[in-house]
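The values are calculated or read from the model by the stated rules, or taken from the named source; none is laboratory data. Remember, predicted model here, so these are calculated numbers, not experimental data. A quick note on method: Cβ atoms are made from the backbone with ideal geometry, for glycine too, and the neighbour counts reach across all protein chains shown. Calculation scope for accessible area: heavy atoms of the full protein, side chains included, ligands and nucleic acids excluded. Shrake-Rupley method; radii C 1.70, N 1.55, O 1.52, S 1.80 Å.
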Amino acid sequence: MKETWRWFGPLDPIPLDQIKQAGATGLVSALHHIYRGEAWPLDEVLKRKAEIESAGLVWSVVESIPVHNSIKLRSGPYRQYIAAWKDSLAAIAKAGVPVVCYNFMPLVDWTRTNLKWRLPSTGYALRFDAVDFAAYDLFLLERPGAELDYAPERVAAARTSFDSMSEKQQEELERAIIAGLPGAESSYNRKLFRESRAEWEGVAPGDLRSALFAFLQEVVPVADELGLRLAIHPDDPPWPLFGLPRIVSTAGDARSILAAADSAANGLTFCVGSYGARADNDLLAMVDEFAPRIHFAHLRQVVREADGSFYEAEHLHGSTDMVGVIRALLGEELRRRRTNRRDHEIPMRPDHGHLLADDIIKKTNPGYSYVGRLKGLAELRGVMQGLSHAIPEFAG
Ligand code: DNO
């Protein structure tokens with residue numbers, strides 16, 4: 001697999017040299033300063049590419065081109081935004097970056113409730129606490145009708161948790177949930193969030209699914225023509241938030257998305273941590289079923305808890321068989337080499353990492369500190385090399 005590393009561009013506190021020191025050879029990046037649905041200008045894309053290449057790295061994956069909410073709602077100037085998305089694809093293809101990751105989560109991108117949850121090791125992890133999330137939705141956001149989305153016991157537990165929070169803790173919870181995590185295209189305060197949420201009133205899963213399929217039918221042929229591979233990222237977490245549908249959460253969702261535009265250009269980002277947050281997702285079965293259309297792998301995992309909460313675990317220890325997933329991906333690479341597929345090397349990145357060592361006192365992007373990912377990548381590389389040693393065909 002191609003070892004890659006996510007870099008948030010010139011503002012990322014981690015310089016490109018440190019990425020090379022970690023042993024990654026590919027880079028995952030986006031024009032994070034152009035996130036409101038406008039087309040990415042070719043000169044800006046080429047500038048980013050030159051910067052990456054001057055450090056001796058290659059730009060392997062674009063993550064992500066934001067999909068404007070009006071495309072998901074199919075309202076307002078959504079046609080204009082789809083046209084801009086296609087223009088961005090053209091610029092990316094000209095720059096020779098072969099894979100484009102994107103997501104179709106409504107209103108908010110990936111979501112956590114605690115960005116600095118202390119582990120027994122004394123490091124810190126990102127955490128999604130289902131009770132605290134409900135507490136925010138019910139008692140701080142005071143979303144109309146929210147109580148209908150939770151069981152009475154959950155409402156009671158959320159009340160208890162909320163009552164025990166200091167004002168500062170409430171603020172931190174709110175910031176974690178709506179201010180936008182690294183790479184998220186939207187950042188809200190409470191007023192803006194309420195207004196934006198109102199635009200989604202009455203949107204059913206079927207509406208969002210139709211919007212995604214219509215979008216795919218437009219952009220997949222363009223990607224195909226340009227020689228690009230699209231890789232949709234799953235919902236994180238993979239269930240509805242704020243009463244809004246999420247439709248990239250399960251094996252069934254992935255299957256119907258792939259069928260909606262039946263082209264190799266229409267593929268998946270296999271995010272082990274996101275799909276793995278649901279106990280009913282069988283990750284090994286999914287990696288087997290979808291392997292030919294997996295264009296990008298996010299290797300990270302979570303520990304699931306009984307009440308729907310989870311925290312981000314060690315890369316190799318959590319609720320998923322990571323070694324099994326890697327073995328399946330290496331098997332897919334072998335099949336691709338045997339059938340002469342040009343894309344036989346699947347880009348992977350260590351997704352997130354614990355906050356460790358000196359990073360604890362540094363300014364870091366939550367989940368994207370240096371040492372935690374360095375450790376994650378080293379462990380994952382060990383698994384890849386171990387498997388390739390045991391099964392020599394995997395070595396290529
Ligand atoms: C978090 C992520 C998300 C994800 C994007 C994909 O670390 O996995 O930023 O990459 O939502 O579009």
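List of remarks:
- In order along segment 70-77, phi translates into HN-Hα couplings of 5, 5, 6, 8, 6, 9, x, x Hz, rounded to whole numbers, per the Karplus curve 6.51 cos²θ - 1.76 cosθ + 1.60 with θ = phi - 60° and x for Gly and Pro.
- DSSP beta bridge pairing in the chain, given as percent antiparallel to the nearest 5: 25 percent
- Computed E for residue 362/residue 218 - FRET, C-beta separation, R0 41 angstrom, nearest 0.05: 0.45
- Rolling a 1.4 angstrom probe over the chain with all protein chains present gives an accessible area of which 52% lies on carbon and sulfur atoms.
- Across the protein chains, with a 1.4 Å probe defining accessible surface, the residues 165, 105 rank 165, 105 from largest area downward.
- Gain on full extension, evaluated as 0.36 nm per residue between residue 190 and residue 307 minus their Cα-Cα distance, stands at 39.5 nm.
- Take the Kirkwood radius over Cα pairs of segment 169-304, plug it into Stokes-Einstein at 20 °C and 1.002 mPa s, and you get 131 µm²/s for translational diffusion.
- Two-site label geometry, residue 378 and residue 118: point separation in nm, points 7 Å out along Cα→Cβ: 2.5 nm
- The separation of segment 148-227 from segment 33-86, counted between C-alpha centres, amounts to 21 Å.
- Theoretical FRET efficiency, 1/(1+(r/R0)^6), r = Cβ-Cβ of residue 43 and residue 198, R0 45 Å, to 0.05: 0.75
- Loop-located GluC sites (Glu not before Pro) in segment 201-236 (DSSP state not H, G, I, E or B) with no more than 12 neighbouring Cβ atoms inside 10 Å: 201.
- Stokes-Einstein diffusion for segment 247-396 at 20 °C, viscosity 1.002 mPa s, with a Kirkwood radius from C-alpha pairs, works out to 132 µm²/s.
- Secondary structure note: in segment 1-127, about 25% of the DSSP beta bridges are antiparallel.
- The share of alpha-carbon pairs in the chain lying farther apart than 35 Å comes to 22%.
- Per-pair calculated FRET efficiency, R0 = 25 Å: residue 259 and residue 87 via Cβ, rounded to 0.05: 0.40
- Kyte-Doolittle mean at least -0.5 and Cα axial length at least 15 Å: DSSP H helices in the chain: 78-94, 205-226, 322-338, 370-390
- Normalised contact order of the chain, rounded percent, pairs of Cα under 8 Å and 6 or more residues apart: 16 percent
- Under 20 Å from the residue 25 label point (7 Å along Cα→beta-carbon), backbone N, segment 368-396: 374-396
- Near residue 67, the amide H atoms lying under 5 Å from its own belong to 103; only residues 5 or more places off or on other chains count, and H is placed 1.01 Å from N.
- Neighbourhood charge, 13 Å Cβ-Cβ cut-off, centred on residue 349 and excluding it, Lys, Arg +1 and Asp, Glu -1: +2
- Viscosity 1.002 mPa s, 20 °C: Kirkwood-radius Stokes-Einstein D of segment 1-153 over Cα pairs, µm²/s: 117 µm²/s
- With a simple spin-label model that places each label point 7 Å from the Cα along the Cα-to-Cβ direction, the separation between residue 11 and residue 385 comes to 3.7 nm.
- In this view, the solvent-accessible surface of residue 307, computed with a 1.4 Å probe and all protein chains in place, comes to about 60 Å².
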